[in-house]
There are 2 protein chains.
Amino acid sequence: MSDLSTDVEVANARFYRAFEALDLARMDAVWAHGEHVTCVHPGWPLLTGWPAVRDSWSAIFTNTEEMRFTLSHVRTVAAGEIAVVTCTENILSGVAGRITVTSVLATNVFERSPDGWRMILHHASHILARREEEPGGAS
Amino acid sequence: MSDLSTDVEVANARFYRAFEALDLARMDAVWAHGEHVTCVHPGWPLLTGWPAVRDSWSAIFTNTEEMRFTLSHVRTVAAGEIAVVTCTENILSGVAGRITVTSVLATNVFERSPDGWRMILHHASHILARREEEPGGAS
């Protein structure tokens, strides 16, 4: 189980390195290419199927000058052919000459293929202002 | 595989019925109760571990008068002991006397237990305004 988790965390890290490199060929190698893949970028509508997901990476890479990730709270649940990673993406990015630092929560799902673990889902979302009804114990 | 998917979709539907009922005891029966469970309500910070996740449902149920879900784009990937459901939650809700209709994207992960499929992750996020760099083909 621990080896399984390590393999998945390597696949997860490979996704963020491809993102930092703004390299579509490397993103091609990270993802499964079926109709079953899904992607939610922060605030975006749901994208389904590899062609739509790939187009989104192409658009993001075209519009991004720099992107650096530091991950925290990385948790992996892996069993059999599917693995789920949750993490906080601490992001330094440059878009249109403006540098921003932000935190995004991500759920990443991988499936085991003959070529190793391939991403089949990326769901990322921003943390908004704290809500009054949020429980005091939440962090 | 199709029976597996059906079982998981039943577990997913049970989650939304517990949410609609605003019933913490039913939510107790939907979720696994370990430290490994995680939950992201729309715009909220990451919650980890069942006590924090349960507290969040208690707070939401206390502050919600009515909640009705119609699901669309339900997709299930199930293998072995883990299953992933993605769906669009079309929500009619009543909070502080105000009725709102909104769409939320959700990723729900379940693990198989001796008592059936239990939720271990719920990640929900709002769709924000369409971005200019969004690919034209995305829907």
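Specify the residue that is nearest to the other protein chains (Cβ to nearest Cβ); the eligible residues are those in region B:56-70 that are touching a helix residue (DSSP H, G or I) at 6+ places or on another chain (Cβ under 7 Å) and either crowded, with 21+ Cβ neighbours inside 10 Å or under 30 Å from A:Ala78 (Cβ atoms) (or both). The selected residue is B:Trp57. Filtering A:Thr76, A:Thr6 for residues that are buried (at least 18 other Cβ atoms within 10 Å of the Cβ) and more than 9 Å from every other protein chain (Cβ to nearest Cβ) leaves a single hit, A:Thr76. On the stretch given as region A:1-51, residues that are of a type outside the set (A, V, I, L, M) and part of a helix (DSSP H, G or I) total 17.
Each row is one residue, and each column tells you yes or no for (1) closer than 15 Å to B:Thr107 by Cα; (2) out of contact with any strand residue (DSSP E or B) (no Cβ under 7 Å at 6 or more places or on another chain); (3) at pLDDT 90 or above.
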site: A:Thr100; (1), (2), (3): no, no, no
site: A:Thr107; (1), (2), (3): yes, no, yes
site: A:Phe110; (1), (2), (3): yes, no, yes
site: A:Ile120; (1), (2), (3): yes, no, yes
site: A:Ser125; (1), (2), (3): yes, no, yes
site: A:Arg130; (1), (2), (3): no, yes, no
site: A:Glu134; (1), (2), (3): no, yes, no
site: A:Ala138; (1), (2), (3): no, no, no
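In region B:79-98, the qualifying residues are those that are surrounded by 13 or more Cβ atoms within 10 Å (Cβ to Cβ) and of a type in the set (D, E, K, R), and the one that is nearest to the chain's Cα centre (by Cα) is B:Glu89. All conditions but one from (1) open to solvent by 10 Å² or more (accessible area, probe 1.4 Å); (2) closer than 18 Å to A:Gly116 by Cβ; (3) touching a residue at least 40 places away in the same chain (Cβ under 8 Å) apply to A:Leu22; the one that does not is (2).
Put simply, of B:Thr70, B:Thr102, B:Thr62, B:Thr6 the only residue that is in contact with a Ser or Thr (Cβ under 8 Å, 6 or more places away or on another chain) and hydroxyl-bearing (Ser, Thr, Tyr) is B:Thr102.
List pairs: first residue in region A:41-55 and more than 9 Å from every other protein chain (Cβ to nearest Cβ) and more than 16 Å from A:Ala106 (Cα to Cα), second residue open to solvent by 20 Å² or more (accessible area, probe 1.4 Å) and part of a loop (DSSP other than H, G, I, E, B) anywhere in the structure, Cβ distance under 6 angstrom, at least six positions apart or on different chains. So the pair list comes out as A:Gly49/A:Glu35; A:Trp50/A:His33.
The values are calculated or read from the model by the stated rules, or taken from the named source; none is laboratory data. None of these values were measured; they are calculated from a predicted model. As a convention, Cβ positions derive from the backbone with ideal geometry for all residues, glycine included, and neighbour counts pool all protein chains shown. These accessible areas exclude ligands, DNA and RNA; they are computed on the full protein's heavy atoms, side chains included. Shrake-Rupley method; radii C 1.70, N 1.55, O 1.52, S 1.80 Å.
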